[in-house]
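One structure is given below, encoded as structure tokens.
The values are calculated or read from the model by the stated rules, or taken from the named source; none is laboratory data. In this text the structure is predicted, and so the values were computed from the model without any measurement. Virtual Cβ from ideal backbone geometry, glycine too; neighbours counted across all protein chains shown. Ligands, DNA and RNA are stripped out before the accessible areas are found, and what is left, the full protein with its side chains, is counted by its heavy atoms. Shrake-Rupley method; radii C 1.70, N 1.55, O 1.52, S 1.80 Å.
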Amino acid sequence: MPRCLTSTIVCVALLCARTALAQRAEPSLKQVRDGVYLIQEGDQAGVVYVTPEGILVVDPLSATAGHWLAGELALRFPGRSVRFVVHLSHLFERSAGEIAFPKAATVGHVDFNDHASDTAKAIGNGQVLPPSLAAFDANRDQRLDRVEWSRAAPELSAADTNQDGTITVNEAARLTGRANTRFRNGTTLALGTKRVQIVNPGGSYSTAAVLFPDERVLYIGSNPAFTSTAFVFADVSPHDMLAWLRGVARLPFDTVVTDRGESFSRDRFDSLNQYAEALSSAARSAYLAGRSLAQTSSDPAMQKYAGSPLDSQRSASFNAWFRSFHVSRLELQGAGVAQWMAPNAEFCAEYFNCETGGVIAGGIGGIRFVRSRLGLVLEGSSGQQFVAFGEGGFQSEAFAQRISRGSVLFRFGPKRPTDKSVELLAGPTLVFAQTSGVTITKLATAPIGGRHLFDEHQTAGALTGGVNLVLPVSSRWAFYFPIRANWLLKSQPRMPVRFDVQAGLGLSLRISQSVR
């Protein structure tokens, strides 16, 4: 290729790269409080904390913003090195700037590296350069040649891992930040006599914040409750969000800074916190009272917030609370039942005239523990005495028997205790049979022949399955309709009932309840 043509191509590529760079928002660094600075790149922002003993960067933004920041800090604060880079977001455009501070200790949530790896994989699978790097891709081939980045962003050379002069999408994806030191509920970082607190009550990945206590500034990063004018939970558990708000509300700060570079006063934070508490209380009351989402959304207790920007996502917030609630309940149950006992062919096999089975009255009582969809029922049952007899050629017998059972039943059913529901139950049962009767041995003389009275107790294993049909009438009381099927694991002598079904009507009384 002629040298003049090569030079022309290089110049055009450089011009395109510079034009693309100019179109991107230039980073800026402005002071929030003494020692606390905001680095802004377009609609993205992070925080820089400068002390005599070193510098801490929270959310270093894109690779090019990080490179710009490194140069700006060296110019403004010569001799002070960046000792910590704290990651509150795994997004490429908020974490890749770490590349500009290779000697800094990196800090992030315990789940940060997993999220960062997912981001890198998504970039690699999509084979599309992140926007901050695509600005240098003059020929739009989704790769950066040395001529496209070496002058405008020389720090990107670290991404060229095989030193071939080209940065592929997969190589660029590796610029996503990584945390060597990790936290869940928070940690403290020291810069000489200065202390920086990473605060994260509740431990959720998306809620971590950084407090500069001496300056009374709180940087909340990408916390979803503050990402718009409306209050939202996004992917954070409402319980975790409430725990975070309650914990952070006790901290000493006057100013809040977001990941978009917005600042607002403590009063606004407190207003949001009060709204979240009201939302939680209304949702909890409605959930336990059995009200629908539509009824809950019009709760009178929330009407003072109607029309406010905070309240525009009320229905979605209530829905998030309803999905997250887990109710633990302890209840006493008792019911009268009718019990149908199936004739037992195995018991009657040796008799030419035999009678077993029938219908008797009985009762069921128990203790029911429920946590969300799962639960455990400890249940006992007993029925009326019944009579069975068999007549054979050489021996006949007749007896009266009363059967009692003790069962451990595992429960699966709806989460909400005030909903009409069908619960599925299954588990092992121990059967106790008390039997009194007489045998008659024919064609033999005493002591073998003749009448012989007996009184005995037997125990056998069984399986029980069934359902509870539950009809709540208040937060404490409910009608329930128990249906049980019991199957004796092995046929036993003088236990003529191998299979039976119970069905009836009873009451359930709540003894205790907790909501989480």
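Inter-label distance, Thr229 to Ala190: 4.6 nm, where each label sits 7 Å from its Cα along the C-beta direction. Rolling a 1.4 angstrom probe over the protein chains, ignoring ligands and nucleic acids, what is the accessible area of Phe352 in square angstrom, nearest 10? We get 140 Å² for Phe352. Volume per residue for region 236-362 equals 209 cubic angstrom (convex hull of Cα atoms).
Taking a virtual spin label 7 Å from the Cα of Ser308 along the C-beta vector, which residues in region 222-247 bring their backbone nitrogen under 19 Å of it? The answer is 224-234, 241-247. Exposed loop sites, defined as GluC sites (Glu not before Pro) outside DSSP H, G, I, E and B with at most 14 other Cβ atoms within 10 Å, are absent from the longest region of the chain, namely 54-261.
Among His109, His67, His457, the order of accessible area from largest down is His457, His67, His109, computed with a 1.4 Å probe on protein heavy atoms. The angle between the Cα long axis of helix 63-76 and the longest principal axis of the Cα atoms of the chain comes to about 50 degrees, rounded to the nearest 10. Shown is the FRET efficiency for Ala446 and Arg373, computed with R0 = 41 Å from the Cβ-Cβ distance and rounded to the nearest 0.05: 0.05.
Taking 0.36 nm per residue of separation and subtracting the Cα-Cα distance, full extension of the segment from Lys490 to Glu456 would add 10.4 nm. A crude spin-label estimate for the pair Phe412 and Ala74, with each label 7 Å from Cα along the Cβ direction, gives 6.3 nm. Rounded to the nearest 10 degrees, the inclination of helix 112-126 to the longest alpha-carbon principal axis of the chain is 70 degrees.
Solvent-accessible surface of the chain, averaged per residue with a 1.4 angstrom probe and all protein chains in place: 46 square angstrom. Between the alpha-carbon centres of region 210-244 and region 409-439 there is a gap of 47 Å. Taking the longest Cα principal axis of the chain as reference, the axis of helix 314-324 is set at about 50 degrees. Suppose only helical runs count, i.e. DSSP H with n ≥ 4. What mean residue ellipticity at 222 nm does that imply for the chain under -39500 (n - 2.57) per run, divided by all residues and rounded to the nearest 500 deg cm²/dmol? After summing the helix terms and dividing by residue count, I get -7000 deg cm²/dmol. For Leu469 and Asn139, the FRET efficiency from 1/(1 + (r/R0)^6), where r spans their Cβ atoms and R0 equals 60 Å, is about 0.30.
Residue separation times 0.36 nm, minus the C-alpha to C-alpha distance between Ala278 and Arg323: what's the value? Answer, rounded to one decimal: 14.4 nm.
Going through (1) 29.1; (2) 33.0; (3) 23.3, the figure that equals Kirkwood radius over Cα pairs in Å as computed for the structure here is (1). Once divided by 2.2 N^0.38 Å, the Cα radius of gyration of region 174-243 becomes 1.23. Annotation: amide H of Phe183 within the under-5 Å range of Gly108, His109, Val110, sequence separation 5 or more or interchain, hydrogens built in the peptide plane.
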